[in-house]
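Below you'll find the structure, written out as structure tokens, and then a few comments.
The values are calculated or read from the model by the stated rules, or taken from the named source; none is laboratory data. Being a predicted model, the structure only gives us computed values, none of them experimental. Because the Cβ atoms are built from the backbone with ideal geometry, glycine has one as well, and the counts that use them run over all protein chains shown.
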Amino acid sequence: MPIWTMHGNGRTVGPGKVVAPAERLNWPATIAIGVQHVVAMFGATFLVPALTGFPVSTTLLFSGIGTLLFLLVTKNKLPSYLGSSFAFIAPVTAATASAGMGSALAGIVAVGLLLAAIGFIVQFAGIGWIDKLMPPVVAGSIVALIGFNLAPTAWASYEQAPITATLTLAAVIIFGVLFRGFLGRISIFVGVAVGYVVAVIRGEVDYSKVGEADWLGLPTFHIADFASSGTWSVIAMFLPVVLVLIAENVGHVRGVATMTDASVNKSTGRALIADGLATTLAGTFGGSGTTTYGENIGVMAATRVYSTAAYWVAGAVAILLSLSPKIGEVFNSVPAGVLGGVTTALYGLIGIIGIKIWVDNRVDFSRPVNQYTAAVALVIAIAGFTMQWGDFQLGAIVIGTAAALIIYHGGNALARWRKTGADDGGPLVS
């Protein structure tokens with residue numbers, strides 16, 4: 001069991017101080033903060049299985065196990081909760097509809113293995129090569145296209161109960177805008193709670209399965225299927241998600257390093273390995289792929305407690321919650337209208353995160369190569385382009401990702417050739 005030194009008096013955080021990863025407050029305070037991390041991640045984590053049809057309890061179980069695995073792999077130096085990644089929603093939804101849950105799980109496993117492999121490379125070679133492969137204009141385009149590709153899914157749920165959906169969406173926006181503290185950071189969770197109450201009042205919630213479920217029991221497990229004929233085209237659909245997970249993990253490490261100690265950046269490779277292994281484990285047995293969570297970064301920033309002890313508590317609490325089928329069925333009872341309202345905001349926010357990458361890195365959109373990199377990728381995603389050869393199909397996320405990479409790197413290569421090999425006119429790419 002990891003050992004932490006006591007911070008100060010163990011009850012409070014001194015002015016201008018933070019509780020470092022290797023420190024902790026007293027155990028009652030640490031447990032309370034750990035439970036708060038579970039609340040912060042819960043609204044987002046349960047939404048992914050609710051939207052994709054995966055068992056909520058199974059996803060929650062592997063979320064907790066993944067968190068503990070992450071702490072072990074990073075040598076207890078990097079505080080993080082691994083919740084369900086929204087980047088998986090689009091490929092999981094498409095894969096489940098076309099090839100079944102087993103093939104979708106195979107795609108998650110493939111992403112996990114590739115992410116872990118990249119983590120090993122980063123651990124020994126550094127992260128500079130990723131920055132060259134995926135500069136901000138490309139990274140932002142890929143993150144944005146995954147969010148915007150989900151827009152039709154949000155509408156499909158929204159139109160089933162527009163009044164409930166509208167009130168849910170309004171609650172998400174009001175809490176997100178009105179509150180700057182903890183309530184603002186969990187506005188998605190609060191919006192779901194408000195929408196659920198509205199749905200209950202309107203008679204839209206079915207509790208039949210909740211009443212039939214046991215209080216205690218193991219989650220339902222499903223095994224990844226690599227044998228089906230359509231699995232390999234499904235796997236191709238999932239691979240762009242790796243780029244999103246890299247961006248999320250790297251951003252998480254840098255955020256923690258900024259607030260605690262710059263040496264935390266040395267854990268970047270281990271973070272990628274850990275998330276890759278957690279995603280692989282989850283996908284193998286029926287859980288959703290994992291990632292680090294901005295909601296929990298927000299909790300750490302608010303409390304100034306970066307202790308990994310709190311995350312051991314959070315992981316253990318998540319595992320305990322997963323062992324109640326009745327709790328799982330309560331989450332499964334969230335009706336379409338609530339999901340439609342919350343995903344209208346959520347999927348749009350994923351797209352905005354990509355745009356924020358452009359803004360934060362001051363991407364120059366006066367350059368045609370940057371314009372086309374973003375423009376083509378986003379239209380492909382929003383329109384839902386597909387390409388098919390027999391049983392092998394490429395979806396919009398794959399095509400959009402490939403387009404962003406090819407246009408950016410190919411455009412810049414053409415620009416260099418034009419500047420050195422032509423003697424008339426201006427450069428092809430300014």
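Some points to look at:
- Residue 421 vs. criteria farther than 22 Å from residue 50 by Cβ and either modelled with pLDDT under 80 or touching an Asp or Glu at 6+ places or on another chain (Cβ under 8 Å) (or both): yes
- Residue in the range 78-89 that is surrounded by fewer than 24 Cβ atoms within 10 Å (Cβ to Cβ), assigned to a helix (DSSP H, G or I) and either touching a Leu at 6+ places or on another chain (Cβ under 6 Å) or of a type in the set (A, V, I, L, M, F, W, C) (or both) present: no
- Residue within the range 391-401 that is part of a helix (DSSP H, G or I), under 15 Å from residue 147 (Cα atoms), touching a residue at least 40 places away in the same chain (Cβ under 8 Å) and in contact with a strand residue (DSSP E or B) (Cβ under 9 Å, 6 or more places away or on another chain) present: yes
- In this structure, residue 268 does satisfy being farther than 25 Å from residue 50 by Cβ, hydroxyl-bearing (Ser, Thr, Tyr), buried (at least 20 other Cβ atoms within 10 Å of the Cβ) and in contact (Cβ under 8 Å) with a residue 40 or more places away in the chain.
Yes/no matrix, rows are residues, columns are (1) in a helix (DSSP H, G or I); (2) surrounded by 24 or more Cβ atoms within 10 Å (Cβ to Cβ):
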site	(1), (2)
327	yes, no
330	yes, no
334	no, no
338	yes, yes
343	yes, yes
348	yes, no
351	yes, no
357	yes, no
362	no, no
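- Top-ranked residue in the range 126-143 [being crowded, with 20+ Cβ neighbours inside 10 Å and at pLDDT 85 or above; ranked as nearest to residue 96 (Cα to Cα)]: 141
- So residue 268, is it in a strand (DSSP E or B) and either out of contact with any Cys (no Cβ under 6 Å at 6 or more places or on another chain) or of a type outside the set (Lys, Arg) (or both): no
- Residue in the range 181-194 that is modelled with pLDDT under 90, surrounded by fewer than 17 Cβ atoms within 10 Å (Cβ to Cβ) and more than 30 Å from residue 163 (Cα to Cα) present: no
- Scanning the range 152-174 for residues that are closer than 30 Å to residue 362 by Cβ and either in contact with a helix residue (DSSP H, G or I) (Cβ under 6 Å, 6 or more places away or on another chain) or acidic (Asp, Glu) (or both) yields a single hit, 172.
- Summed over the range 22-57, residues that are touching a Leu at 6+ places or on another chain (Cβ under 8 Å) and over 23 Å from residue 85 (Cβ atoms) total 1.
- Unmet requirement for residue 262, which otherwise passes all of (1) hydrophobic (A, V, I, L, M, F, W, C); (2) over 30 Å from residue 306 (Cβ atoms); (3) over 20 Å from the mean Cα position of the chain (by Cα): (2)
- Test for residue 57: is it touching a strand residue (DSSP E or B) at 6+ places or on another chain (Cβ under 7 Å), surrounded by 24 or more Cβ atoms within 10 Å (Cβ to Cβ) and within 24 Å of residue 225 (Cα to Cα): no
Conditions tested, residue by residue: (1) of a type outside the set (Val, Ile, Thr); (2) closer than 29 Å to residue 100 by Cβ; (3) modelled with pLDDT under 90.
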position	(1), (2), (3)
196	yes, no, no
216	yes, no, yes
230	yes, yes, yes
253	no, no, yes
259	yes, no, yes
263	yes, no, yes
293	yes, yes, yes
296	yes, no, yes
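- Cβ-Cβ distances below 9 Å connect the following pairs, each with a first residue in the range 129-142 that is among the aromatic types (Phe, Trp, Tyr), a second residue that is surrounded by fewer than 18 Cβ atoms within 10 Å (Cβ to Cβ), and a separation of six or more residues or different chains: 129/121.
- For the range 294-311, a residue qualifies if it is surrounded by fewer than 21 Cβ atoms within 10 Å (Cβ to Cβ) and either hydrophobic (A, V, I, L, M, F, W, C) or part of a helix (DSSP H, G or I) (or both), and the qualifying residues are 294, 298, 301, 302, 303.
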